[in-house]
Amino acid sequence: MINDISELYGRQIPQRDLAASLQRAVDIHLRPAISHDHGLVCQRCGSKLRRSLASLPNHHFYCYVCIQMGRVDTLSPLAYMEEPNRFSDNQSPLSWLGQLTELQTECANKVIEVFQRRQHHLLWAVTGAGKTEMLFKGISWAVANGLRVGIASPRVDVCIELFPRIQAAFNQVSMVLLHGKSEQRYQYSQITICTTHQLLRFYHAFDVLIIDEVDVFPYSGNPMLHYGVQNAIKPAGAMLYLTATPDQALFKAISRKKLSVSYLPIRYHGHYLPEISVIRVKNLAQQIQTSKLPKQILRIIAELVAEKQRFLLFVPHIKDLTRVADAIKNAGIMAKFETVFSADPDRLEKVALMRKRQLDFLITTTILERGVTFPGIDVLVLKADNDIFSAAALVQIAGRVGRNTDRPTGQVLFYCEVKRPNIKSCDRQIKLMNRKAAKL
């Protein structure tokens, strides 16, 4: 229930969810939750609805597509309020005292320009380039000018890792973290960090909207989430996309001049991306299916554990997690490790344990391919030739290695039966980025 009118600034909420004291407030506007103009269309997520699936009694309808965000229906219109930008004056909001490299500074200045000119722009930077730090100057300019800032990512893990970093950099600025597992209650704030799903609850809220990991599932190719982003930003707002691996939709937007782009091909510490080592193993998929691992893989795992060298071990499917874990246990390797996947109820806790160095390694699906940083790790990928590992995913997985100055290098080992196009493309992309970096 919405009791404070500030909770409605720049948001859209079913009218029935407003406290009685707010129901007739003069500044609150109403619009249909589901339009009938050209068939049934949900005004929160943009989905075209089938009458047979959306039907309620008495000729009413609801949206079954975005039902996980709470029900919207023809029984209650969407209530919204214009974003008033009601924030305290803060001319020096940035509390971060770090230094950017010359190349990072160029990108940071471009971000400010994008925000000032209300442009739509892609910052294409290699994994570990320091994208978050390159945002600080632009966010600082926006906050100092009384603008509302949104930072969204498709992945919960990315939001959770990003929030304390932004909070530390802007410790006097109101801020909220929103995702499906969050226990923090919504409050009106100048900076909102959230999953892209949470943007469905906003309407013309953000003067500046940043979408991190824009090429990743579930945002990439998802019309509902793209619609939510367009609803959440003000009509004249600035949009900044961030990624290390642009997809075809982004390339198309760039070629059509709908999106400007800047590129940073080198990491913040000046070291190149770790290049991959491809190791072919006969009958690898068959062995994993029987909860076994080849001796050469067990040997490298045992060596890493003995050397206290932490790592991530990627597998393509959830069913592979237990099989690989059993193979490691049966080999007598004494190590502290967990398995993790997207729907794992303990996922966030397990990631936190790895971050606190209380685990030797994690066996994971692609859920940890991006957006999380564990300093000084190596990476092993089993069945790297599986279709689940796109070239972009493999680039991101390789990018987990060498992210900090204390250990800017490391091993990236891809185990496969055949060196398929996804692996070859990943190898080419990393080498191309390193050649570009060498020319700087």
Legend entry - Cys with no candidate disulfide partner in the chain (beta-carbon separation under 4.7 Å rule): C107, C159, C194, C416, C426
Legend entry - Largest-first principal axis extents, alpha carbons of the chain, Å: 71, 55, 42
Legend entry - F202 long-range amide H proximity, modeled H, under 5 Å: Q12
Inset, instruction - Please identify, among G376, G402, G221, the residue showing maximal mean-square fluctuation in a Gaussian network model of the chain using a 10 angstrom Cα cutoff. - result: G221
Inset, instruction - Report the paramagnetic label zone for Q172: residues of segment 78-104 whose backbone N is under 20 Å from a point 7 Å from Cα along the Cα-to-Cβ axis. - result: 86-99
Inset, instruction - Return one number: the angle in degrees, 0 to 90 and rounded to the nearest 10, between the long axis of the Cα atoms of helix 295-306 and the longest principal axis of the Cα atoms of the chain. - result: 70
Legend entry - Whole-Hz ³J(HN,Hα) from phi, Karplus 6.51 cos²θ - 1.76 cosθ + 1.60, for segment 320-335, glycine and proline x: 6, 4, 5, 4, 5, 4, 5, 4, 5, 5, 5, 7, x, 7, 8, 8
Legend entry - Anchor K350: lysines whose Cα lies under 22 Å away (excluding residues fewer than 8 positions away in-chain): K181, K308, K319, K329, K336
Legend entry - Placed amide H near Q411: partners under 5 Å, 5+ positions off or other chain: V379
Inset, instruction - Per DSSP H run of n ≥ 4, the term is -39500 (n - 2.57); total these for the chain, divide by its residue number, and report the mean residue ellipticity at 222 nm rounded to 500 deg cm²/dmol. - result: -9000 deg cm²/dmol
Inset, instruction - Mind giving me the nanometre distance, one decimal, between the label points for F251 and A306, set 7 Å out from Cα along Cα→Cβ? - result: 4.5
Legend entry - Between 0 and 90°, nearest 10: helix 102-117 axis offset from the chain longest Cα axis: 20
Inset, instruction - Compute the long axis of helix 223-232 from its Cα atoms, compare it with the longest principal axis of the Cα atoms of the chain, and write down the angle in degrees, 0 to 90, nearest 10. - result: 50
Legend entry - Most mobile listed residue (S262, S182, S21) in the chain, GNM with C-alpha springs under 10 Å: S21
Legend entry - Cα gyration tensor, segment 102-264 - rounded (a/c under 1.5), prolate or oblate: rounded
Legend entry - Amide H contacts of R118 (H built 1.01 Å from N, under 5 Å, at least 5 apart or other chain): none
Inset, instruction - Would you mind telling me the antiparallel percentage of the DSSP bridges in segment 5-81, rounded to 5? - result: 90
Inset, instruction - Could you please put Y272, Y203 in sequence from largest to smallest accessible area, using a 1.4 Å probe? - result: Y272, Y203
Legend entry - Label zone at R86 (point 7 Å along Cα-to-Cβ), backbone N below 15 Å, segment 167-188: 187-188
Inset, instruction - Taking a cut-off of 27 Å between Cα atoms, list the lysines near K252, but don't count ones fewer than 8 places away on the same chain. - result: K48, K110, K131, K234, K424, K431, K436, K439
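The values are calculated or read from the model by the stated rules, or taken from the named source; none is laboratory data. In this text, all values refer to a predicted model and were calculated from it rather than measured experimentally. Positions of Cβ are generated from backbone atoms using ideal geometry, with glycine treated the same way; all protein chains shown enter the neighbour counts. Note: accessible area is taken over every heavy atom of the protein model, side chains too, but ligands, DNA and RNA are not part of it. Shrake-Rupley method; radii C 1.70, N 1.55, O 1.52, S 1.80 Å.
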